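Input: a single structure, listed below in structure tokens.
Where a number appears in this text, it was derived from the coordinates with a stated rule and is not lab data. On a predicted model such as this, the values are computed, not experimentally measured, just so you know. When we count neighbours, we look across all protein chains shown, and the Cβ atoms used for this are built from the backbone with ideal geometry, even at glycine.
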Amino acid sequence: MELKLLNAEEYEYYLESLNKLFSMTFEREIHPEYLRWRYLQNPSEDLLVAVAIENNEIVANYSASPCSIIFNGQTYKTALSMTTMTHPEYNGRGLFTKLADLLYLEMKKRGYSLIWGFPNNNSHGIFKSKLGWEDIYEIPTFKLELSKTRDILIEKTYTLELDNTFENFKAYPIRRKIQVEKSKEFYKWRYTNNPINEYFNCNLKYLEEYKANIVYKNFGDSVDIVEIEGESDEFKLILLQKLILELKDQGKRDINCWLNISGNLHNLLERIGFYNTSPITYFGGKNLGGNLEICNYKIWDISMGDSDVY
């Protein structure tokens, strides 16, 4: 058995084997283009994929998706912990831990400060006990039941504009929190080019200027807000209220998002009926030699779009 890191050419060669391993491990099919999109078309152009190979087949894999984060004006190389899978016949051999050690060592060599992500119930304990991860928070789902919202009156000078290709992308002011660096290129890759989900980007215009945007996707009769940005919390609230009216007309049942409780926007949304509920998502990470104080969740600005699940 060979344990190694794949380059882009090797990843393309083993793509069919990776898709097959995914289906076998998780007992569900994966979109044939998903792994290529996530790992080979990522704007960072850095590949972080560790695998175990036997008889020219991938039998175990641990991958991470590179992304930069910004905190207090400084940019850090980090990666979102992603696909971890082992062929059922190879369970119990410690391959996950060995691949993680291989991957993290390479990440340190390449100057990565942090690996972070959202372990599920099955992997959370292993990440802590075997890989040295630290818990940052347990993120609740912030929900609004649309049937319980009150009538909303908003000035007609505020208008909504749909821009699913992000051609009119506007970079809003960076907050003094740890957040993923998101450019126009990033948004196009993450949402417009996503092979699995269809996303909608809704802009708020006021006097011909863009003031806020919300990216969301439909999930049955629910809506997941994966990004919410703007010049101020007030503009974000106005955009959300106008979107609520549209979604109610479409017969949607509820809206879900993630929102840090330490921010003023959380208070504003509570006042219109949002509340914390399940599912609750583990959020953690591991420093790889950087000096980030990651365990204070109050300084994080995390949205559903930062997870690979939404």
Beyond a 25 Å Cα-Cα separation, which of these cross-linked pairs lie in this structure: K184/K205; K156/K298; K143/K242; K188/K217; K20/K143? K156/K298; K20/K143
Hydrodynamic calc, the stretch 2-78: Kirkwood Rh from Cα pairs, then Stokes-Einstein at 37 °C with viscosity 0.692 mPa s, so D in µm² s⁻¹ is 242 µm²/s
Can you give the relative contact order of the stretch 154-239 as a percent, counting alpha carbon pairs under 8 Å and 6+ residues apart? 29 percent
For the chain, just the Cα atoms, rotate onto the principal axes and tell me the three extents in Å, largest first. 65, 39, 34
Among G251, V223, L268, which residue has its Cα positioned farthest towards the positive end of the charge dipole of the stretch 199-284, with +1 placed on the Cβ of Lys and Arg, -1 on the Cβ of Asp and Glu, and the dipole taken about the Cα centre? G251
Relative contact order (percent) for the chain, with alpha-carbon contacts under 8 angstrom and 6 or more residues of separation? 21 percent
Please list, by residue number, every one of the GluC sites (Glu not before Pro) in the stretch 162-209 that is coil in DSSP and has at most 16 other beta-carbon atoms within 10 Å. E167, E181, E198, E208
How about the stretch 41-93: which GluC sites (Glu not before Pro) there lie in a loop by DSSP and see at most 15 other Cβ atoms within 10 Å? E45
Total charge dipole magnitude, the chain, about the Cα centre, Cβ charges on Lys, Arg, Asp, Glu only, Debye to nearest 20: 740 debye
Nearest-20 debye value, the stretch 1-75 charge dipole, Cβ charges on Lys, Arg, Asp, Glu: 280 debye
Listed residues L21, L245, L80; largest mean-square fluctuation, Gaussian network over the chain with Cα springs below 10 Å, found at L245
For a quick check, take a GNM of the chain with Cα springs below 10 Å and name the residue from N197, N55, N91 with the largest mean-square fluctuation. N55
Let me have the 222 nm mean residue ellipticity of the chain computed from DSSP H runs of 4+ only, each contributing -39500 (n - 2.57), with the sum over all residues rounded to the nearest 500. -6500 deg cm²/dmol
Can you find, among A60, L103, S129, the residue sitting farthest towards the positive end of the charge dipole of the chain, where Lys and Arg contribute +1 and Asp and Glu -1 at Cβ? S129
Cα-derived Rg to Rh of the stretch 47-122, Kirkwood definition: 1.04
Does the stretch 168-310 come out rounded, prolate or oblate, given a ≥ b ≥ c as the square roots of the eigenvalues of its C-alpha gyration tensor, rounded meaning a/c under 1.5 and, failing that, prolate meaning a/b above b/c? rounded
Please find, in a Gaussian network model of the chain (springs between Cα atoms separated by less than 10 Å), the residue of I178, I244, I228 whose mean-square fluctuation is greatest. I244
Filter the trypsin sites (Lys or Arg not before Pro) in the stretch 151-182 down to the DSSP loop ones having no more than 14 other Cβ atoms within 10 Å, then list what survives. K156, R175, R176
For the stretch 1-80 versus the stretch 279-310, the gap between their alpha-carbon centres in whole angstrom: 20 Å
What is the Cα centroid distance between the stretch 224-249 and the stretch 162-212, reported in whole angstrom? 13 Å
